[in-house]
Amino acid sequence: MRVAIIGQGYVGLTIAAFAAAHHDVVGFDMNAAVVERLNKGISHIEGVDSVLLKKWVDAGKFRATTNAADIADAEVVVIAVPTPLDKNRKPDLTFIESACKTIGENLKRAALIINESTSFPGTVRGVIKPTIEKYSKVKLDHEYAVSPERVDPGRIDWNQKNTPRLYAGLTPAATAGVREFYSTFCDNLVAVSSPEVAEAAKLFENTFRQVNIALVNEFAQITNALGISVHETLDAANTKPYGFMRFNPSAGVGGHCIPVDPSYLAHVAAGVGVPATFIERANEVNLEMPKYVVARVAKENGGSLKGKRVQVIGVAYKPNVADTRETPAEHVIEELERVGAVISWHDPVVGSWYGKSSSLLGDVEGTAAEIAIVVTLHGVINAKAVVASAPYVFDTTGKLSGVPGL
């Protein structure tokens with residue numbers, strides 16, 4: 001099949017890498033620098049091997065482009081663009097709408113259009129289909145479907161091939177077409193009755209995690225006030241062989257899904273008159289964790305951090321990836337700035353962030369750190385060196401021994 005994938009980020013490029021083994025793939029992206037590197041076989045995404053990518057490029061099975069006209073003859077079009085929140089933490093469908101405009105204006109034949117971008121129930125039916133039709137210059141009988149992405153950056157045990165894939169079309173023909181396409185490189189396809197079910201399932205998967213993380217984060221505050229260890233308490237609870245699933249406290253949640261998807265679910269719930277109070281409270285708890293962490297550190301350091309040299313260790317949202325999307329480290333730094341601390345950050349995996357480079361471990365503007373706050377602990381960061389990097393070290397990860405923390 002001739003396949004066009006709109007967006008060459010964590011989702012789009014991983015699909016391209018698997019699909020190119022069986023199809024001719026065009027990857028469309030607005031970033032010219034990314035496109036140039038991809039056409040040299042250089043991957044910018046963890047989990048996509050550059051050697052394999054170059055193999056597909058050299059074989060003519062994959063090419064990237066910034067020219068929207070290159071998608072004109074695609075038989076399958078996959079939308080794989082970001083679905084972030086706006087400044088008010090409401091769903092922002094700007095990228096999806098832009099992708100639909102690109103498809104509508106440039107596709108010259110009837111095609112199967114599949115949305116992988118996470119969004120609220122009704123997006124395929126009520127947003128994508130009418131928007132593409134609005135921009136189409138000629139009437140084409142496209143088929144529309146959804147198969148929500150389940151990419152987890154940095155994982156090697158679960159990938160596009162072995163992760164179960166939900167799917168549904170607006171018509172039986174669309175559903176059959178989705179199965180035909182994904183079955184060429186996915187092992188386990190799970191059909192559901194409608195796109196809305198698939199869209200809602202994806203949102204609930206990550207809302208479940210958000211709520212349970214918020215619960216354990218609130219529990220960490222309770223155990224601290226009680227003077228007992230949250231980790232020892234969780235170890236004890238985890239001995240129960242049924243009815244308990246362990247989550248661990250942290251400085252908050254990050255990434256492209258957990259901090260975002262619950263807000264999409266709450267948005268659609270409000271639209272049908274059901275207040276998502278539980279979900280909204282979970283969002284609040286996790287967003288407030290950076291303030292709690294900084295307040296704990298201040299309390300244990302004389303009540304104020306003004307003028308004190310503080311290094312944040314680990315600014316990626318999870319260990320062993322360079323992904324900083326929605327990272328709680330950003331909010332920890334914002335809170336440290338608000339209370340007047342002098343700040344640096346150390347993350348050898350990220351290296352560069354917001355135009356600044358990672359500082360040496362224990363260094364704050366050329367002077368020794370007085371305080372270190374560990375937000376993310378990568379495998380390449382030496383735990384003993386972290387403990388020795390400052391007179392006071394606060395660990396939000398539960399991975400260091402002998403130091404205060406959550």
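Specify which of the listed residues (ILE373, ILE381) is closer than 22 Å to PHE247 by Cβ, over 22 Å from the mean Cα position of the chain (by Cα) and in the same structural domain as THR223 (by TED's automatic domain parsing). It would help to see each step written out before you state the result.
Numbers: ILE381 fails: closer than 22 Å to PHE247 by Cβ.
Just a single option satisfies the conditions, and that option is ILE373.
If you check SER359 against the conditions, is it in a strand (DSSP E or B), more than 19 Å from GLY254 (Cβ to Cβ) and not basic (Lys, Arg)? Don't jump to the end; show me each part of the working.
Details: in a strand (DSSP E or B): no; more than 19 Å from GLY254 (Cβ to Cβ): yes; not basic (Lys, Arg): yes.
It is false that SER359 is in a strand (DSSP E or B), more than 19 Å from GLY254 (Cβ to Cβ) and not basic (Lys, Arg).
Give me the pairs, please: first residue somewhere in the stretch 280-295 and in contact (Cβ under 8 Å) with a residue 40 or more places away in the chain, second residue anywhere and among the aromatic types (Phe, Trp, Tyr) and surrounded by 16 or more Cβ atoms within 10 Å (Cβ to Cβ), beta-carbon distance under 9 Å, and either six or more positions apart or on two chains.
Matching pairs, first to second residue: VAL293/PHE394.
State which residue pairs qualify: first residue under 15 Å from ALA220 (Cα atoms) and inside the stretch 388-406, second residue of a type in the set (D, E, K, R) and surrounded by 22 or more Cβ atoms within 10 Å (Cβ to Cβ) in any location, beta carbons under 6 Å apart, and separation of 6 or more residues or different chains.
Here the result reads GLY405/ASP395, each pair linking the stretch 388-406 to a residue that is of a type in the set (D, E, K, R) and surrounded by 22 or more Cβ atoms within 10 Å (Cβ to Cβ).
Could you list, in sequence order, the residues of the stretch 1-36 that are of a type in the set (Phe, Trp, Tyr) and surrounded by fewer than 23 Cβ atoms within 10 Å (Cβ to Cβ)?
Pass one, the stretch 1-36, residues of a type in the set (Phe, Trp, Tyr): 10, 18, 28.
Once the filter is applied, which keeps residues that are of a type in the set (Phe, Trp, Tyr) and surrounded by fewer than 23 Cβ atoms within 10 Å (Cβ to Cβ), the stretch 1-36 yields only PHE18.
Output the residues belonging to the stretch 146-191 that are under 22 Å from the mean Cα position of the chain (by Cα) and of a type in the set (Gly, Ala, Ser).
SER147, GLY154
Counting residues that are more than 26 Å from PRO84 (Cβ to Cβ), which helices (runs of 4 or more DSSP H) fully inside the stretch 1-65 reach at least 2? Even if it seems obvious, please write down each step before you answer.
Details: elements: 12-19, 32-38, 50-58.
Answer list for the stretch 1-65: 50-58.
Look through ALA225, ALA200, ALA174 and report the one residue that is of a type outside the set (Lys, Arg) and assigned by TED's automatic domain parsing to the domain that holds VAL297. Walk me through it before giving the result.
On the way: ALA200 fails: assigned by TED's automatic domain parsing to the domain that holds VAL297; ALA174 fails: assigned by TED's automatic domain parsing to the domain that holds VAL297.
Result of the check over ALA225, ALA200, ALA174: ALA225.
Looking at the stretch 319-366 only, could you name the residues that are basic (Lys, Arg) and either touching a Leu at 6+ places or on another chain (Cβ under 6 Å) or modelled with pLDDT of 95 or more (or both)? Before the answer, list the steps.
The first filter runs over the stretch 319-366 and keeps only residues basic (Lys, Arg), leaving 325, 338, 356.
Within the stretch 319-366, ARG338 is the sole residue that qualifies.
For the stretch 143-152, give me the residue count where each residue is in a loop (DSSP other than H, G, I, E, B), surrounded by 22 or more Cβ atoms within 10 Å (Cβ to Cβ) and not polar (S, T, N, Q).
Step one: list which residues in the stretch 143-152 are in a loop (DSSP other than H, G, I, E, B), which gives 147-152.
Restricting the remaining residues to those that are surrounded by 22 or more Cβ atoms within 10 Å (Cβ to Cβ) gives 147-149, 151.
Filter once more, keeping what is not polar (S, T, N, Q): 148-149, 151.
Matching residues across the stretch 143-152 total 3.
Looking only at the stretch 217-248, count how many residues are touching a Phe, Trp or Tyr at 6+ places or on another chain (Cβ under 7 Å) and under 19 Å from HIS331 (Cα atoms).
Here the count works out to 1.
Which of the residues belonging to the stretch 295-328 are under 18 Å from ALA214 (Cβ atoms) and within 21 Å of the chain's Cα centre (by Cα)?
Within the stretch 295-328, TYR317, LYS318, GLU326, THR327, PRO328 meet the criteria.
Restricting attention to the stretch 62-96, which residues are surrounded by 15 or more Cβ atoms within 10 Å (Cβ to Cβ) and either without any contact (Cβ under 8 Å) to a residue 24 or more places away in the chain or among the polar types (S, T, N, Q) (or both)?
Of everything in the stretch 62-96, those that are surrounded by 15 or more Cβ atoms within 10 Å (Cβ to Cβ) and either without any contact (Cβ under 8 Å) to a residue 24 or more places away in the chain or among the polar types (S, T, N, Q) (or both) turn out to be THR65, THR83, ASP92.
Could you please find all residues in the stretch 390-406 being aromatic (Phe, Trp, Tyr) and buried (at least 18 other Cβ atoms within 10 Å of the Cβ)?
Narrowing the stretch 390-406 to residues aromatic (Phe, Trp, Tyr): 392, 394.
Selection gives PHE394 alone.
Taking the condition of being more than 24 Å from VAL297 (Cα to Cα) and of a type in the set (Ser, Thr, Tyr), how many residues in the stretch 320-353 meet it?
1
The values are calculated or read from the model by the stated rules, or taken from the named source; none is laboratory data. Computed from a predicted model, the values in this text were never measured in an experiment. Positions of Cβ are generated from backbone atoms using ideal geometry, with glycine treated the same way; all protein chains shown enter the neighbour counts.
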